[in-house]
Number of protein chains: 4
Amino acid sequence: MAKPLNIGLIGYGFMGRTHSNAYNRLTNFFDSPYQPVLKVICGLEKDVAQAFANRWGYEEAETDWHKVVERPDIDLVDICVPNNMHAEIAIAAAKAGKAILCEKPLALNSAQAEEMVLAIEAAKVPNMVSFNYRRIPAVTLAKQLIDEGRLGKIFHYRSQFLQDWTISADVPQGGMATWRLDVKAAGSGVTGDLLAHCIDTALWLNGSIADVSAMTETFIKQRKHAETGKVEEVGIDDACAFMCHFANGSLGLFESTRYARGHKALYTLEINGEHASIRWDLHDLHRLEYFDHRDDSLVRGWRSVHVTDGDMPYMKKWWVPGLQIGYEHSFVHQLADFLEAMDQGKPCSPTFREALETQKICDAVLDSARSRQWTSVG
Amino acid sequence: MAKPLNIGLIGYGFMGRTHSNAYNRLTNFFDSPYQPVLKVICGLEKDVAQAFANRWGYEEAETDWHKVVERPDIDLVDICVPNNMHAEIAIAAAKAGKAILCEKPLALNSAQAEEMVLAIEAAKVPNMVSFNYRRIPAVTLAKQLIDEGRLGKIFHYRSQFLQDWTISADVPQGGMATWRLDVKAAGSGVTGDLLAHCIDTALWLNGSIADVSAMTETFIKQRKHAETGKVEEVGIDDACAFMCHFANGSLGLFESTRYARGHKALYTLEINGEHASIRWDLHDLHRLEYFDHRDDSLVRGWRSVHVTDGDMPYMKKWWVPGLQIGYEHSFVHQLADFLEAMDQGKPCSPTFREALETQKICDAVLDSARSRQWTSVG
Amino acid sequence: MAKPLNIGLIGYGFMGRTHSNAYNRLTNFFDSPYQPVLKVICGLEKDVAQAFANRWGYEEAETDWHKVVERPDIDLVDICVPNNMHAEIAIAAAKAGKAILCEKPLALNSAQAEEMVLAIEAAKVPNMVSFNYRRIPAVTLAKQLIDEGRLGKIFHYRSQFLQDWTISADVPQGGMATWRLDVKAAGSGVTGDLLAHCIDTALWLNGSIADVSAMTETFIKQRKHAETGKVEEVGIDDACAFMCHFANGSLGLFESTRYARGHKALYTLEINGEHASIRWDLHDLHRLEYFDHRDDSLVRGWRSVHVTDGDMPYMKKWWVPGLQIGYEHSFVHQLADFLEAMDQGKPCSPTFREALETQKICDAVLDSARSRQWTSVG
Amino acid sequence: MAKPLNIGLIGYGFMGRTHSNAYNRLTNFFDSPYQPVLKVICGLEKDVAQAFANRWGYEEAETDWHKVVERPDIDLVDICVPNNMHAEIAIAAAKAGKAILCEKPLALNSAQAEEMVLAIEAAKVPNMVSFNYRRIPAVTLAKQLIDEGRLGKIFHYRSQFLQDWTISADVPQGGMATWRLDVKAAGSGVTGDLLAHCIDTALWLNGSIADVSAMTETFIKQRKHAETGKVEEVGIDDACAFMCHFANGSLGLFESTRYARGHKALYTLEINGEHASIRWDLHDLHRLEYFDHRDDSLVRGWRSVHVTDGDMPYMKKWWVPGLQIGYEHSFVHQLADFLEAMDQGKPCSPTFREALETQKICDAVLDSARSRQWTSVG
């Protein structure tokens, strides 16, 4: 019998929706040890929060996050607000003994992230950072194939996250819809928003990164601020690319931009090993491309694996072979794993500590871009 | 404020799950005039029904469908049982004045379907048949492009539904998991199960069909029955292909099989018009292929449209551009449209009467295969 | 040391060019027992023939094909003229003891084709019909995989040849460029021009065909004749589809049209077997798609085989892995095989007799379309 | 009437074959002002050279390249030998007043390349470097689309050249087949062999490069030498990646390796502009991917342009729409353009001077990889 787990969600934006959907879907599909109970949604505007509560089934709407964190009946605090508020909320929630699910990137920078990790680990609370793409079934399958040793020694890892939604100079910075362009709210541009995903997956699939050489660019130097209405300097990186060395001897190449016309949310990854290679991209997230050099040479080619069969990660919970799931399911998987681990008293990856490693690499990337030097991580 | 709509669902199999999911998700994403209230799930085995009720939030579990239909508090009867039970339940529900959502194919044959339509229309109850693929956004977009006249005069329509799950002679017929192979429960094989989808979409996109010439095959002639344990003749069609003439002068070519190794649920369609052509398939359901001859010849080619933007059918309700939805969302769209129409007192396509037309074509196809003659529809 | 082989080519159109190219390239790439010597090109207009001779290296230009056939120094007569002239020339060449390479389809109908076969076989001359697509390396590889038994029992064979070049009513019939639309010159429309290719490959890969049910359509009923300038009835089939039973128990589905907007020359084929399936299409002719159900289920998917490695059919003769060849290479392969077989005194498939079988199926298809009846072959 | 042009080809390896094929094919397809006359092939081993001469139609075989350069009857010297011999031969040929076609990369380094350019320009001889991929029709079309301004302001340029043929430690260095792994013969590894192609195309399509930051790797540190049989240090770069700034403000990202399992010769390029983007790769060289944001949003998507129509670059010379050409055709196009320009007394791009620019970037890339610093070009 599933135990009730009282949820306090802070943030009613895009991520607030994906997390709320996960809480609502979880036990329809997964045999979770916990039944999420949606106690409270918290956001700045009362009526928006109330409408959100009505839509998603939260018992209450709140505007002050401190009250959520302080409520004794809340078991899990879920942080879906802009990056600059993660640290304060997470540290308070840790001190209050709450389990914490936090959106990525963990913090504005690694110094801040380090404080958060210290607080979390002192409080010994269950914690996880929402790098949801790990739990797209095709990506989870990639991890499984690598762990089984199918690829052999790894030579190359490359990854992109390409978008095109800020090409117009009319897109503002700041505010509810475009806080990701405001350096004060976001900390960085594509590095924290998009490359953080690429880096998290890379660390998981290919191990640690030793050093980086990066370049960034801000194509549009000034934008109007959505709240002040004033034209201000743009402080974020519109684009970022970096090369790196992995500890296992392989070479990494990463790139992200919001100026790649034709790509809406094209997160790609490719790993080349001695025996086999893997490719994946988010625009066809239900497929994994796999090449195995050990195949009979006459029929050797890239295989397009339609990741919908019951023996593939998470897929037994959904429909039947051939019927694809979508983006939001990754959040359901993430929640299922987090609650399962919580019930067993185990950590669930990526923890805050693991996310700190990603943050350190983001910092090194931004440092390298500024200094035009190769930069060691950490 | 959404009005409560009391649901009685009959059938806890695969379709019972997809419909239950739709009831649960509807108002998270759509501003429906109705809020579904899950009153009762009905299935043959009490404990299975109870477990289903627990998982999906039904208030009660029932084993006798008559009781569901007779309950005065039920507003909508949803029929998700094998094909041979559709008619009896639907007619009883109509007589009881219930709104009805019925899984496809409508009936075992068009005579039976005709009775159902008469009952439904006499009772003047809201009714819809669950040909859900119409409401995959890419397919709905195809309809919109055709209605806008972008294709011009149509020359060709072709469609396939290819699977490979019954190639092994060890797959039984009959029973909960494999009733689709039992002619008594299913009425036919791929014709009613899969081609019915292809035909429904075709009628919607390309208008009525005048005559057909078909061939069917049963590759494996005898299979063990899952319930009796006895080896029995297989009465269904394993594969079916047919040619046809549409009323608009275009030629149609349809094929379905469960013996196409490598295809799990590959529903494809292609329409060739004077100016433009369209292609779609279920294995990448979030993409629509479009070719427009009026494009500048130097950059003319098939366009792969990633159907995830907010201006595309249904997509504003979900996430952001680039993030794909999956199979089950089509049932949410279907439900949203049905309830919206119900609220406005309008029919929602495909109605029982429209599904009768599909049934007539299925009958003509099976007749033609038997007689080896071209057969007129209806 | 390669022996000289004196060539007389009749027809300086599109096929005349592809054959001339093959003669010129052969010994650059293949160690042929013969060195083609281009003695004479024959065509209706002297100056065109002379220009062709200059371009391709023919010693002489001729306007009367009888003179080519009668020349004692000619070893091989190559027939690249419209279909209605094949029979007369081939029979004369056979009587003159020439080796014969004839463009497809063999004849206007199977009665005519039968006469040709009788003449050829009486004369015991080397003979081959130019169904060049068999010798696209990916198609040849498909044959090899089937012969190795990799697919197991075959259930389905489907094939299309889709074009879009006659959609405009302004395209004339008849004349040098558009004789394929003139029933007197071509005998039929897409059936002889395009489906003949599909049928030839199908017979080769999947064995004989027992019966067919076909439909044809002529979308544009009248067109101006390019030579007379008069608007005349169109006698050819613009589109043709047929279903069939193969002798091995598999089902066939074939379609061809010149009204499929977006497809220039899309010849496709797919074979579904018990264990494996194969797909190929002419628009990416250097790739073979292969699916093998015996693969480990986690990495099972359609493989896109880039047919460019040295162990693949014909490819050792060309470049290095990864570098694709094109359309015209199939004619070089065909010539290489024909001359090799000729040197060894063996038949080279497809012979005139084998092409007669294709012709019989074309006839049955056209008969079935007229009679609206299933029609046995032969 | 085409004028004879006497050819002396030095080098009978892979490139000797591609160039010989171009000489043989040229006037079959193009109306060139010149008819190449194959006077002499030169290579180290007499019998190999003689066999090559027999196969390709050279009048004579020679083993001393000086004799070729000195022959007064030779009009064009074609240099297809390993990179370390380019400079000496080219300078001698220039002094002898010969037109020169030289394989890429131009030289071992830019100092050497500069000497070559001085000699060439002093001698005022027609000259071209064989960066053949510019003249794949899809790539030439990309240039045309960019020059027409269709892409708008450019933000990103990325390019890869991925192979997998040296992953085995058993592949030797040096000798006829593997001189590309011997730093003395090749000058560098993937940088000069593969990235030089990417850079040449990039300069042509996107203008000059200001600075680079690169990393290289040699995965296998020692290999047996094919000629000496001794295990020696490997001096070449197995893999190389670099970031760069283009003068037009766009960012570049380049990568090449011979350790990317699954890729035989995957040369890719992608350009993202304000309005439109372009993608191409060598494994499907007859297709150009094009995305135009100005398209109607409902049917906006990447277009796969099958570059086979008569209005596309070079394609009118070949077959009919839908029928693809292959790799070697790029050399025919290159030759046609070179001879056309020669006849008109105009330079033909890429000239030696233009190839020097590519060489300077290769040098900067290798310098940057050694110094771990951003390095200015030139």
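Descriptive notes on the structure:
- Residue in the stretch D:300-310 that is surrounded by fewer than 21 Cβ atoms within 10 Å (Cβ to Cβ), out of contact with any His (no Cβ under 9 Å at 6 or more places or on another chain), over 25 Å from D:Phe155 (Cβ atoms) and without any contact (Cβ under 8 Å) to a residue 24 or more places away in the chain present: yes
- Checked against (1) under 24 Å from the mean Cα position of the chain (by Cα); (2) of a type in the set (Asp, Glu); (3) more than 7 Å from every other protein chain (Cβ to nearest Cβ); (4) surrounded by fewer than 22 Cβ atoms within 10 Å (Cβ to Cβ), C:Asp237 passes all but a single condition, namely (4).
- Across the stretch D:197-220, the qualifying residues are those that are within 28 Å of D:Cys102 (Cβ to Cβ) and small (Gly, Ala, Ser), and the one among them that is nearest to the other protein chains (Cβ to nearest Cβ) is D:Ala214.
- Screening D:Asn248 on (1) under 20 Å from D:Lys360 (Cα atoms); (2) in contact with a strand residue (DSSP E or B) (Cβ under 9 Å, 6 or more places away or on another chain); (3) surrounded by 23 or more Cβ atoms within 10 Å (Cβ to Cβ) shows it passes everything except condition (3).
- Against the numbered list (1) crowded, with 22+ Cβ neighbours inside 10 Å; (2) touching a helix residue (DSSP H, G or I) at 6+ places or on another chain (Cβ under 8 Å), D:Ala138 comes up short only at (2).
- Taking the conditions (1) within 14 Å of chain B (Cβ to nearest Cβ); (2) under 26 Å from C:Val81 (Cβ atoms); (3) not polar (S, T, N, Q) in turn, C:Gly174 satisfies each one other than (1).
- Matching residues in the stretch D:297-311 - criterion: being over 21 Å from A:Arg258 (Cα atoms) and either more than 7 Å from every other protein chain (Cβ to nearest Cβ) or of a type in the set (S, T, N, Q) (or both): D:Ser304, D:Val307, D:Thr308, D:Gly310
- Meets criteria (within 11 Å of another protein chain (Cβ to nearest Cβ) and among the β-branched types (Val, Ile, Thr)) for B:Thr63: no
- Residue in the stretch D:326-335 that is buried (at least 19 other Cβ atoms within 10 Å of the Cβ), closer than 23 Å to B:Ala276 by Cα and either modelled with pLDDT of 95 or more or in the same structural domain as D:Leu141 (by TED's automatic domain parsing) (or both) present: no
- Cβ separations smaller than 7 Å between residues 6+ apart or across chains give the following pairs from the stretch A:363-378 residues that are within 12 Å of chain D (Cβ to nearest Cβ) to residues that are charged (D, E, K, R): A:Trp374/A:Asp211; A:Trp374/D:Arg372; A:Thr375/A:Asp211; A:Thr375/A:Asp367; A:Ser376/A:Asp211.
- Residues being within 14 Å of chain A (Cβ to nearest Cβ), in a loop (DSSP other than H, G, I, E, B) and farther than 16 Å from C:Leu269 by Cβ - total across the stretch B:254-274: 3
- Selection count where residues are part of a strand (DSSP E or B) and surrounded by fewer than 18 Cβ atoms within 10 Å (Cβ to Cβ), scope the stretch B:24-36: 1
- Enumeration of residues in the stretch A:283-309 that are more than 24 Å from A:Ala265 (Cα to Cα) and β-branched (Val, Ile, Thr): A:Val299
- From the list B:Arg223, B:Arg279, B:Arg180, the one residue that fits, being farther than 29 Å from C:Tyr259 by Cβ and either assigned to a loop (DSSP other than H, G, I, E, B) or away from chain A (no Cβ under 14 Å) (or both), is B:Arg223.
- Hits in the stretch D:45-92 (condition: charged (D, E, K, R) and closer than 10 Å to D:Ile10 by Cα): D:Glu62, D:Asp64, D:Asp78
- Total residues in the stretch A:51-91, condition in a helix (DSSP H, G or I) and either among the acidic types (Asp, Glu) or surrounded by 18 or more Cβ atoms within 10 Å (Cβ to Cβ) (or both): 14
- Cβ pairs under 8 Å, 6+ apart, first in the stretch A:316-342 and more than 14 Å from every other protein chain (Cβ to nearest Cβ) and in contact (Cβ under 8 Å) with a residue 40 or more places away in the chain, second in a helix (DSSP H, G or I) and among the charged types (D, E, K, R): A:Gln334/A:Arg134; A:Gln334/A:Arg135; A:Asp337/A:Arg135
- Those residues of the stretch C:282-291 which are buried (at least 24 other Cβ atoms within 10 Å of the Cβ) and either in a strand (DSSP E or B) or among the hydroxyl-bearing types (Ser, Thr, Tyr) (or both), in sequence order: C:Leu288, C:Tyr290, C:Phe291
- Screening A:Gly149 against (1) under 25 Å from D:Ile271 (Cα atoms); (2) part of a loop (DSSP other than H, G, I, E, B) leaves a single unmet condition, (1).
- Take the conditions (1) within 25 Å of A:Met1 (Cβ to Cβ); (2) within 14 Å of another protein chain (Cβ to nearest Cβ); B:Pro36 misses just one of them, which is (1).
For every residue, the table says whether it meets (1) without any contact (Cβ under 8 Å) to a residue 40 or more places away in the chain; (2) under 22 Å from C:Arg55 (Cα atoms); (3) in the same structural domain as D:Ile7 (by TED's automatic domain parsing).
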| residue | (1), (2), (3) |
| --- | --- |
| D:Leu26 | no, yes, yes |
| D:Leu38 | yes, yes, yes |
| D:Val77 | no, no, yes |
| D:Val117 | no, no, yes |
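- Selection count, the stretch A:115-140, where residues are in a loop (DSSP other than H, G, I, E, B), within 30 Å of A:Gln324 (Cα to Cα) and either of a type in the set (Lys, Arg) or in contact with a His (Cβ under 7 Å, 6 or more places away or on another chain) (or both): 1
- Which listed residue, of A:Met312, A:Met342, is touching a Pro at 6+ places or on another chain (Cβ under 6 Å) and assigned to a helix (DSSP H, G or I): A:Met342
- Number of residues in the stretch B:92-114 that are touching a residue at least 12 places away in the same chain (Cβ under 8 Å) and in a helix (DSSP H, G or I) equals 8.
- For the stretch A:1-23, a residue qualifies if it is in a helix (DSSP H, G or I) and either more than 10 Å from chain B (Cβ to nearest Cβ) or crowded, with 18+ Cβ neighbours inside 10 Å (or both), and the qualifying residues are A:Met15, A:Gly16, A:Arg17, A:Thr18, A:His19, A:Ser20, A:Asn21, A:Ala22, A:Tyr23.
- Scope the stretch D:343-362; condition free of Cβ contacts under 8 Å to residues at least 24 places away in the same chain and among the polar types (S, T, N, Q); matching residues: D:Gln344
- Count of residues meeting criterion [without any contact (Cβ under 8 Å) to a residue 24 or more places away in the chain and among the acidic types (Asp, Glu)] in the stretch B:119-154: 2
The values are calculated or read from the model by the stated rules, or taken from the named source; none is laboratory data. This is a predicted model, so every value here is computed, not measured. No Cβ is skipped: glycine too gets one built from the backbone with ideal geometry, and neighbour counts run over all protein chains shown.
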